[in-house]
Amino acid sequence: MTIQNKHILIGITGGIAAYKICTLIRDFKKAGADVRVIATPNSLNFITKLTLQNLSQNEVFVEEFDIKNWKPEHISLADWADIMLIAPATANTISKIAYGIADNLLTSVACAFSKKIIIAPAMNCNMWNNEAVQSNLKILQKRGIEYLSPEIGFLACGYTGKGRLCSLKKIYQAVDEALNYCSKMKGKKVVITSGGTIEEIDPVRYISNYSSGKMGLALAKSAYDMGAEVVLITTKDFCVPFKTIKVKSAIEMQESVNDEFDNADYVIMAAAVADYRVKEHSEQKIKKTDNDTITLELVKNPDILAELCERKSSLQIKSCCCERGKKPIIVGFCAESENLLENAKAKIAKKGCDYLVANDISRKDIGFNSEENEVAILSQNGEIIKLEKAPKNIIARKILECINTK
Ligand code: CTP
């Protein structure tokens, strides 16, 4: 049912497994999908354009500069599709996409594609085991591009080994699941904060922290992939296909979060907010004096999360004051360098958020500035879910699945 009326864009590259994709196109069509095919010029050595055209009941796209309308084909195809499947994907195409090379229609569309991409590699087993290919696959995976491992078997080149296109059933199911995933948060508004706040001292100096904003970014991307309307309030510069609001200080972050709060379904405070700011920000650069010490007086910043939770509880009493009568699920993050669970339990009780995601910043391999994370999700009812170490995009997805239960 998920596939019906969906726009599936299939990229076919130059490998012998290209012939198998004909069956897959027919299966998608039978399930009611609208299928368009981009065939690389090399793939047409293995199958014909006419076959693909007849099966997809659509024009087949090959040349990048075969321009029919004012909008370049690589942009209109990327806009049209709900999902992009590249099968079979050769070592060459995988590596080009990993490096952002856009030298034909298929790689240009992949480069312009902001929704889900699934690739199904197929190649000779020695090519599959090549270090460059493996590291390029890791690059793609880190960016949220899913790949379906090839299978071990007899290969067209005469070898027996890993490299055969995985089963069509597996590819079909992966597309079906991804399309289902795309609508899991449809109609929901998710507000996410990320990055460390910047508290200015004078025009050249500030107080901040090591937060890279990557966990908040991963959450925002996952929520977007799940079909949510996303607002990312961040101290960092990110180029993303959803609304971002750039802020600096805790006060600015609070103003933006408050503005977005009213019709939000989820508010996720992944930002590392400075607890204190300088009492008097100097308009001019503070000059060095003959004294050996200098004293900066700091004042407490508002606790954005705790105040949001209070605001939510007042909404529960008079919910008609809220624009759409919504009570957002509020999620906090906590960064601890010792006694992780003990501190996290005390924090969720004190702040009053629905969930608290706890991570251990004493470990160098996870958390601040790293690509991976390992967290425990605490909920108000005392439940604790531990997520094993994984890339931040996988952790983000699991956090959203855990909080998005209604
Ligand atoms: N937070 C916030 N406003 C602050 C400080 C923190 O909204 N002024 C939020 C963070 O975004 C995070 C959660 O509160 O979601 C916990 O942040 P953390 O720094 O771990 O806790 P603190 O309350 O600052 O307590 P402490 O630094 O003493 O551990």
Quick check on region 359-368. Is at least one of its residues modelled with pLDDT of 95 or more, within 16 Å of the ligand (Cβ to nearest atom) and either part of a loop (DSSP other than H, G, I, E, B) or among the aliphatic types (A, V, I, L, M) (or both)? no
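Taking the conditions exactly as written (within 11 Å of the ligand (Cβ to nearest atom), modelled with pLDDT under 95 and either among the β-branched types (Val, Ile, Thr) or not assigned by TED's automatic domain parsing to the domain that holds residue 215 (or both)), does residue 348 satisfy them or not? Explain how you work it out, then say what you get.
Values: within 11 Å of the ligand (Cβ to nearest atom): yes; modelled with pLDDT under 95: no; either among the β-branched types (Val, Ile, Thr) or not assigned by TED's automatic domain parsing to the domain that holds residue 215 (or both): yes.
Considered against the rule, which asks whether it is within 11 Å of the ligand (Cβ to nearest atom), modelled with pLDDT under 95 and either among the β-branched types (Val, Ile, Thr) or not assigned by TED's automatic domain parsing to the domain that holds residue 215 (or both), residue 348 comes out as no.
So in region 192-219, with the set limited to residues that are part of a loop (DSSP other than H, G, I, E, B) and hydroxyl-bearing (Ser, Thr, Tyr), which one is nearest to residue 178 (Cα to Cα)? If you could, list the steps in order and put the result at the bottom.
So in region 192-219, the residues part of a loop (DSSP other than H, G, I, E, B) come out as 195, 197-198, 203-204, 208-213.
Imposing the further condition that a residue be hydroxyl-bearing (Ser, Thr, Tyr) reduces the set to 197, 208, 210-212.
Details: 197: 35, 208: 38, 210: 34, 211: 31, 212: 28 Å.
The selected residue is 212.
Pick from 337, 314: which is within 21 Å of residue 195 (Cβ to Cβ) and either modelled with pLDDT under 95 or of a type in the set (Asp, Glu) (or both)?
Working: 314 fails: within 21 Å of residue 195 (Cβ to Cβ).
Going through 337, 314 in turn, the sole match is 337.
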Do we have any residue at all in region 127-141 that's touching a residue at least 60 places away in the same chain (Cβ under 8 Å) and closer than 18 Å to residue 21 by Cβ? no
Does region 271-279 contain at least one residue that is touching a residue at least 60 places away in the same chain (Cβ under 8 Å), of a type in the set (Lys, Arg) and farther than 30 Å from residue 298 by Cα? no
Residue match in region 220-230 (condition: of a type outside the set (S, T, N, Q), in contact with a Pro (Cβ under 8 Å, 6 or more places away or on another chain), in a helix (DSSP H, G or I) and within 16 Å of the ligand (Cβ to nearest atom)): no
So which residues in region 259-281 are surrounded by 19 or more Cβ atoms within 10 Å (Cβ to Cβ) and near the ligand (Cβ under 9 Å from one of its atoms)? 268, 269, 270, 271, 272, 273, 274
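The values are calculated or read from the model by the stated rules, or taken from the named source; none is laboratory data. From a predicted model like this one, the values you see are computed outputs, not experimental measurements. Here the Cβ is made from the backbone with ideal geometry for all residues, glycine too, and neighbour counts use every protein chain on show.
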